[in-house]
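Novice: Dumping the structure here so I can ask a few things about it.
The values are calculated or read from the model by the stated rules, or taken from the named source; none is laboratory data. Computed from a prediction, not measured in an experiment: that's the story for all the values here. Methodologically, a virtual Cβ is constructed for each residue, glycine included, from the backbone with ideal geometry; neighbour enumeration extends over all protein chains shown.
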Amino acid sequence: MRNNIREIRKQKGLTLHQVAARIRPQPTTAQTIGRLETGSRKVTLDWLEKIAAALQCSVAELMPMDGDGPVPFAGTLSTGGEIIPAAGETLSLQPPGDNAVALKIAQPTADFQVGDTVIYLPLPVAEAAHLVGKECLAELEDGRRLYGRLLAGTEPGRYTVVGTDDAAAVVYNAALRSLARRAMLIRRY
C-alpha cells in the first residue's frame, strides 16, 4: 500500500532511528519504520496513528488517496440487485465538516464493527436538545469522553449519557463541555 511516510519524514529532516524513537507508547526499530515506508510490512491504522504522532502530521497526510479527484458513483443499488446509473454524481472523501473528530471502534456494538472509524461533527452544547434520544460523542465537564445515547437530565442544561452495551456506564445529570454528532462511518472490508 502506497504511503507518504518517507516523504514526510524527509521533509521534517528526520532519520528512521529518530522516528522509531518517537513512537509511543513503546518505541520501535528503524527497520520497522523502513518496512512500513516501503510497504514490505502492512501499514495498519494503529501504525498510521503512531507514526502521524511521531511526525506531527495527520493520518490523512500519510495515506494519500489514489488520484486527485472525487470518486465517481457507479449508481444506486435498487431492488433485486439492479444498479440505477448515477447521473455524474461523485463522492468526496473529505470529512463532512469543519473540526471533525474520528473515533476508532475497538469493541463491537449494535451499530459498529471492530475496525470501524466513525467521524463526528461538533455541535454547540446549547443545541444538545437536538440530540436527545440519539447516540453521540459527549465530553463531560470533568474531561471524560463517552459514547452513548443522550437523554434529558432532571435539571435544566444537564443530560444523562447511557452507554451502548450491557456493561456500559450511565452518567446522570452531567454538565457537558462538548458534544458531537455522528456524521460518517468508514468500514473497510
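Novice: Go through segment 21-49 and give me each residue that's of a type in the set (Gly, Ala, Ser) and in contact with a Gly (Cβ under 9 Å, 6 or more places away or on another chain).
Specialist: Hit for segment 21-49 is SER40, nothing else.
Novice: Does segment 169-186 include one or more residues that are more than 20 Å from the chain's Cα centre (by Cα) and modelled with pLDDT under 85?
Specialist: Yes, there is a match, as at least one residue in segment 169-186 is more than 20 Å from the chain's Cα centre (by Cα) and modelled with pLDDT under 85.
Novice: Provide a single number: the residues in segment 141-156 that are more than 20 Å from the chain's Cα centre (by Cα) and either at pLDDT below 90 or loosely packed, with under 12 Cβ neighbours inside 10 Å (or both).
Specialist: 5
Novice: Is segment 26-49 home to any residue that is closer than 27 Å to VAL101 by Cα, surrounded by 14 or more Cβ atoms within 10 Å (Cβ to Cβ) and either touching a strand residue (DSSP E or B) at 6+ places or on another chain (Cβ under 6 Å) or basic (Lys, Arg) (or both)?
Specialist: Within segment 26-49 (the criterion being closer than 27 Å to VAL101 by Cα, surrounded by 14 or more Cβ atoms within 10 Å (Cβ to Cβ) and either touching a strand residue (DSSP E or B) at 6+ places or on another chain (Cβ under 6 Å) or basic (Lys, Arg) (or both)), the answer is no, since none of the residues qualifies.
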